[in-house]
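See below for the structure under consideration.
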Amino acid sequence: MQRQMLYNNVIVMPIESFHQGAMFRGGPLWPRYAWQWKARHARGWLPIPRDAAPSFIAEPTMTIPQAIWCGPIAFHFGHAVADFGMRIAESAYSGLPCPLLFAMESQLDIDPPEYFWQILRHLKVDTDRVLIVRSPIKVEKLYVYPQSEVRGGAGPSRQHLDLMDRITGSTANQTTNTMVYVSRSRLHENHNFPVGQIAAESYIENALTQVGFTTIHPEEMPVDQQLEAYKNASTLIFSEGSALHGLQLLGRLHSKLGIISRRKGKSMPTTSFQGRVQKLTHINAVHGMIYSLRSNGRADKTRAISVLDQKHLIDSLMKFGVDLTGIWDSNTYCRTRNDDIKSWASRMNALGQHPRAEPFIRRKIRTVLGEESAAEIGI
């Protein structure tokens, strides 16, 4: 376990903002703030702080004798785990009998997301220890552990994986033949707004089901059920997205892991997963991406719909050990792909983000699919 740092008489502010020039602004006002690289929130292979100090300091509403700083509470599952959840295990199992200190945005008069509590229960953390900062407080002795994993960094240490194995149970030596596909195909339905997706993913799901896979939609499941499915799988295939970060709530697995990319020429950092699974394979079959414009006129690739190259996908899955050649129907795939693109375009156009968004989307469809397929979509 990493060595904790101790700071005296620290003011801790609520979170002012996320992703506005920094991963977050607020939280502890560390002494000599610029020098506290290990106490602050960092990213990258050479971990560089990406947080920002509170823009103002208000009079504390209370003083507590001691606490352990764990981080901000985010309303995005991937960030909540990969960015802001990587001090929780070490803090909770440090042996220090302190409250676990988290901070929320002061303007949010709502409870933390349910998955926050589910993550703590999964890690067997006594939730009575949790103290959430919603107004300024002073902590006479504030402990903090370095991030156990840094997004884009070197990955988890052996000591951290040992701790996660003790907490959640290792399956590295387990033998099963269960195959699980983790899908994003319903994500836009559950969020009621466009999100990044893969065209015809529902067809890919059905094809994988025919060769023995179980498909799960993690946004429809409690965290513990998601993680149980991952632990029991010998083969895991994820549609690239935030659900992958759920693996960081586990220790070592006996699974081989495949990730179907949905961004052309760009993949999620995977060092956090490589040390956990037996084998990791990127399935990079993106032929092109169709996207709209943001209100400022820039490309909105975050909510793009990706079109896969069928042959490349099937060949890559074959190399991974999954054979779809006998059941794949190209015509059905193309019809499903076109229907998905048409539905996606309708949702994006309904947003009205930019006056040139609709003709821009039409041009992107023609560029990626060609004139004939674009004409079949009829947009």
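Cβ-Cβ under 6 Å, sequence separation 6+ or interchain: first residue in region 136-153 and among the small types (Gly, Ala, Ser), partner in a loop (DSSP other than H, G, I, E, B) and open to solvent by less than 10 Å² (accessible area, probe 1.4 Å). Which pairs?
Ser148/Met86
Here's a check for you: in region 290-316, which residue that is open to solvent by 30 Å² or more (accessible area, probe 1.4 Å) and assigned to a helix (DSSP H, G or I) is nearest to Glu201 (Cα to Cα)?
Gln310
Could you please let me know if Pro65 is more than 23 Å from Ala92 (Cβ to Cβ), surrounded by fewer than 21 Cβ atoms within 10 Å (Cβ to Cβ) and of a type outside the set (Ser, Thr, Tyr)?
Taking the combined requirement at face value, the residue does not satisfy it.
Residue pairs, Cβ under 7 Å, 6 or more apart or interchain, first in region 327-346 and farther than 19 Å from Ala304 by Cβ, second open to solvent by 60 Å² or more (accessible area, probe 1.4 Å). List them.
Hits for this filter: Ile327/Gln210.
Given the condition modelled with pLDDT of 95 or more and more than 20 Å from Trp69 (Cα to Cα), answer yes or no: does some residue in region 136-154 qualify?
No, region 136-154 contains no residue that is modelled with pLDDT of 95 or more and more than 20 Å from Trp69 (Cα to Cα).
Could you list, in sequence order, the residues of region 86-100 that are assigned to a loop (DSSP other than H, G, I, E, B) and open to solvent by less than 10 Å² (accessible area, probe 1.4 Å)?
Within region 86-100, Met86, Cys98 meet the criteria.
Collect the residues in region 1-44 that are within 14 Å of Ser55 (Cβ to Cβ) and either among the basic types (Lys, Arg) or assigned to a helix (DSSP H, G or I) (or both), keeping them in residue-number order.
Correct list: Arg25, Tyr33.
Please enumerate the residues belonging to region 235-282 that are part of a loop (DSSP other than H, G, I, E, B), more than 12 Å from the chain's Cα centre (by Cα) and polar (S, T, N, Q).
Residues satisfying the conditions are Ser255, Ser261, Ser267, Gln278.
Run down Glu358, Glu376, Glu371 and say which single residue is within 19 Å of Pro194 (Cα to Cα) and of a type in the set (D, E, K, R).
Glu358
For region 1-35, give me each residue that is exposed (fewer than 13 other Cβ atoms within 10 Å of the Cβ) and either among the basic types (Lys, Arg) or under 15 Å from Val133 (Cβ atoms) (or both).
Listed by number, the residues that qualify are Arg3, Arg32.
Checking the structure you have, find out if any residue of region 216-231 is farther than 18 Å from Arg262 by Cβ, out of contact with any Phe, Trp or Tyr (no Cβ under 9 Å at 6 or more places or on another chain) and hydroxyl-bearing (Ser, Thr, Tyr).
yes
In region 317-351, how many are polar (S, T, N, Q), closer than 13 Å to Ile204 by Cβ and crowded, with 16+ Cβ neighbours inside 10 Å?
Residues that pass the stated criteria total 1.
Give the number of residues within region 242-289 that are in contact with a Gly (Cβ under 6 Å, 6 or more places away or on another chain) and of a type in the set (A, V, I, L, M).
1
Which of the residues spanning region 36-55 are open to solvent by 30 Å² or more (accessible area, probe 1.4 Å) and under 23 Å from Ile137 (Cβ atoms)?
Lys38, Ser55
Can you tell me which of Gly27, Gly78, Gly21 is closer than 26 Å to His245 by Cβ and under 16 Å from the mean Cα position of the chain (by Cα)?
So the residue among Gly27, Gly78, Gly21 that is closer than 26 Å to His245 by Cβ and under 16 Å from the mean Cα position of the chain (by Cα) is Gly78.
Can you pull out the strands (runs of 3 or more DSSP E) entirely within region 101-207 that have at least 1 residues that are open to solvent by 40 Å² or more (accessible area, probe 1.4 Å) and among the charged types (D, E, K, R)?
Filter on region 101-207 gives 137-144.
The values are calculated or read from the model by the stated rules, or taken from the named source; none is laboratory data. Keep in mind that what you see is a predicted model, and the values were worked out from it rather than measured. Ideal geometry is used to build each Cβ from the backbone, glycine not excepted, and the neighbour counts take in all protein chains shown. For the accessible areas, the whole protein counts, side chains as well, though only heavy atoms, and no ligand, DNA or RNA atoms are used. Shrake-Rupley method; radii C 1.70, N 1.55, O 1.52, S 1.80 Å.
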